[in-house]
Amino acid sequence: MQDGLTLYPSSNIPGKDPVVQARTLSAPGTQIQSTFLMETPESAPYGEMTGTSMAAPHVSGLAAIVLSNFPQSNFPHFTSSMVADCLLKGATPLFYDENHSCSYELQTFTAASLNTLLKEHPEGIEISKDQFIASSSVHNPHHIKVTKEWWEKSQEMYGQGRVNLKNALKLAKKMDL
């Protein structure tokens, strides 16, 4: 993701497979400051890199933080599948609007809460401006209407959304461990 909302052109996307969409997260992976192997003593040891090798550490790092809050000695029933569920259900939903070439981040929702709401209201829900961020200041409406169809289409690009540590930890604490 380039700006936290916009996918880099070479990003891996889940496509139309709902099974893959349900198990996919987005993470920052564009122009990430990283270390380099210095070819000469004058070479810069840091530089910007882009790719899944930059995004994957965000996801695995968040999984490690969730696990560190629930050590195996105290929580022997907390499994890697449960950690994955916390990350997936706690993801921040992202939407791409092809008409305006703009992306939206729903700040006050998780993937799980949005799925629940859209099951109850398949015709859509109104989201006010104070509950989302737009990637473009050119098209920044006062509200957007999120429909089940738009969410499903957005999952083709973003999966469940961007990883969110705060939400993942909240979900883990609610689990009956």
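The values are calculated or read from the model by the stated rules, or taken from the named source; none is laboratory data. If you're wondering where the values come from, they're calculated on a predicted model, not measured in any experiment. Cβ placement follows ideal geometry from the backbone for every residue including glycine, while neighbour counts extend to all protein chains displayed.
Scanning region 143-165 for residues that are more than 28 Å from I65 (Cα to Cα), of a type in the set (A, V, I, L, M, F, W, C) and out of contact with any helix residue (DSSP H, G or I) (no Cβ under 9 Å at 6 or more places or on another chain) yields a total of 1.
Being surrounded by 12 or more Cβ atoms within 10 Å (Cβ to Cβ), among the small types (G, A, S) and at pLDDT 90 or above is a description that applies to A112.
The C-beta contact set for region 57-83 (first residue within 17 Å of K166 (Cβ to Cβ), second residue part of a loop (DSSP other than H, G, I, E, B) and among the aliphatic types (A, V, I, L, M), distance under 8 angstrom, 6+ apart or interchain) comprises H58/A27; H58/V163; V59/L25; V59/A27; V59/V163; L62/V163; F70/L177. Taking the criterion of being surrounded by 14 or more Cβ atoms within 10 Å (Cβ to Cβ) and out of contact with any Ser or Thr (no Cβ under 9 Å at 6 or more places or on another chain), the residues of region 40-58 that qualify are P57, H58.
Scanning region 127-139 for residues that are hydroxyl-bearing (S, T, Y) and assigned to a loop (DSSP other than H, G, I, E, B), which turns out surrounded by the fewest Cβ atoms within 10 Å (Cβ to Cβ)? Step through it out loud before you land on a result.
In the first step, residues of region 127-139 are kept if they are hydroxyl-bearing (S, T, Y); the result is 128, 135-137.
Filter once more, so that each one left must be assigned to a loop (DSSP other than H, G, I, E, B): 135-137.
Working: S135: 22, S136: 15, S137: 7.
Once the filter is applied, the top-ranked residue is S137.
Residues in region 36-56 that are part of a loop (DSSP other than H, G, I, E, B), without any contact (Cβ under 8 Å) to a residue 24 or more places away in the chain and small (G, A, S): 2 in all. If you go through region 140-163 and keep only what is in a loop (DSSP other than H, G, I, E, B) and buried (at least 21 other Cβ atoms within 10 Å of the Cβ), you end up with G159, Q160, G161, V163.
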